[in-house]
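A.B. asks: First the structure, which I've put down as structure tokens, then a few questions once you've had a look.
Derivation of every value follows stated rules applied to the coordinates shown; laboratory data play no part. All values derive from a computational prediction rather than experimental measurement. Glycine gets a Cβ as well: all are built from the backbone with ideal geometry, and neighbour counts include every protein chain shown.
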Amino acid sequence: MTTPSPQDPVGVLRRAVDDLLHVLSVADHGRQGREEVNDALVGFTRRAQPIQQPLAELAAAEGGALAGALAHLRRAFGHLAVDDLEAGRSEVAAARGLLAPLRRPAAPDTGLTRYP
């Protein structure tokens, strides 16, 4: 049984990126910091897994900022996998910057609204 994808995959991604960026901002290079980063990456992956397909479809259809944000996140995971905390943090921050202006899907009666 699979969990249904949320109505707003970009919003879910944005919140997951915010949480990951927070951990990366306070993590240090010691053993404790690496464990915190690894836990945050596992949490991010669990949150992003149900929205992976809708995000891929949106990025393929629209390209632009969402596709760029996903590319930054892929690079961030690569950097973090080899304990390059600064580069990983920078890539996650770049992804967050690209996600900031993206809009929520149009609702039938309200049109587009900005995310908080």
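A.B. asks: Provide the gained length on full extension for the span residue 29 to residue 52, in nm with one decimal, where the gain is 0.36 nm per separating residue minus the Cα-Cα distance.
C.D. replies: In short, 5.3 nm is gained.
A.B. asks: Based on other C-beta atoms within 10 Å, arrange 44, 77 from fewest to most.
C.D. replies: Ordered by Cβ neighbours within 10 Å, fewest first: 77, 44.
A.B. asks: Which whole-Hz couplings ³J(HN,Hα) result when phi for each residue of the range 12-24 is put into the Karplus expression 6.51 cos²θ - 1.76 cosθ + 1.60, θ = phi - 60°, listed in order with x for Gly and Pro?
C.D. replies: Values per residue, Gly and Pro as x: 5, 4, 4, 5, 5, 5, 4, 5, 5, 4, 4, 4, 5 Hz.
A.B. asks: Short version: ³J(HN,Hα) in whole Hz for each residue of the range 33-46, in order, from phi by Karplus 6.51 cos²θ - 1.76 cosθ + 1.60 (θ = phi - 60°), x for Gly and Pro, what are they?
C.D. replies: x, 5, 5, 4, 5, 4, 4, 5, 5, 5, x, 4, 4, 5
A.B. asks: When N is the residue count of the range 9-99, what does its C-alpha Rg come to as a fraction of 2.2 N^0.38 Å?
C.D. replies: For the range 9-99, the normalised Cα radius of gyration comes out at 1.03.
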